[in-house]
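Visitor: Submitted below is the structure of interest, expressed as structure tokens.
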């Protein structure tokens with residue numbers, strides 16, 4: 001799977017996971033992305049079968065998810 005495809009699918013899964021954890025997307029941290037990543041690993045998720053070009057997959061996912069936070073100011 002290419003990174004572009006994985007990014008979309010992982011973002012969708014992340015949004016679902018945040019809801020199941022009762023975490024406000026604006027308050028999500030690197031610790032949350034790490035927990036999410038470990039849960040994907042533990043499940044043997046195919047979402048982690050993307051090309052990383054030698055980079056650590058958690059760092060890639062962490063940057064995708066935290067950079068893409070869509071928070072609305074109150």
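Visitor: Residue 25 passes all but one of (1) loosely packed, with under 11 Cβ neighbours inside 10 Å; (2) at pLDDT below 90; which number fails?
Guide: Among (1) loosely packed, with under 11 Cβ neighbours inside 10 Å; (2) at pLDDT below 90, residue 25 violates only (1).
Visitor: Restricting attention to the range 1-44, which residues are in a loop (DSSP other than H, G, I, E, B), in contact (Cβ under 8 Å) with a residue 12 or more places away in the chain and farther than 16 Å from residue 69 by Cβ?
Guide: 1, 2
Visitor: Please determine, by comparing only the residues of the range 57-74 that are loosely packed, with under 10 Cβ neighbours inside 10 Å and part of a loop (DSSP other than H, G, I, E, B), which one is modelled with the lowest pLDDT. Give the derivation first.
Guide: Taking the range 57-74 first, the residues loosely packed, with under 10 Cβ neighbours inside 10 Å are 67, 70, 72-74.
Now drop any that are not part of a loop (DSSP other than H, G, I, E, B), which leaves 70, 72-74.
On the way: 70: 56, 72: 46, 73: 44, 74: 38.
Per the criteria, the residue is 74.
Visitor: From 54, 30, which residue is at pLDDT below 95 and under 12 Å from the mean Cα position of the chain (by Cα)? Explain how you work it out, then say what you get.
Guide: Values: 54 fails: under 12 Å from the mean Cα position of the chain (by Cα).
Selected residue: 30, the only one of 54, 30 that is at pLDDT below 95 and under 12 Å from the mean Cα position of the chain (by Cα).
The values are calculated or read from the model by the stated rules, or taken from the named source; none is laboratory data. In this text the structure is predicted, and so the values were computed from the model without any measurement. FYI the Cβ positions are ideal-geometry reconstructions off the backbone, even for glycines, and counts take in every protein chain you see.
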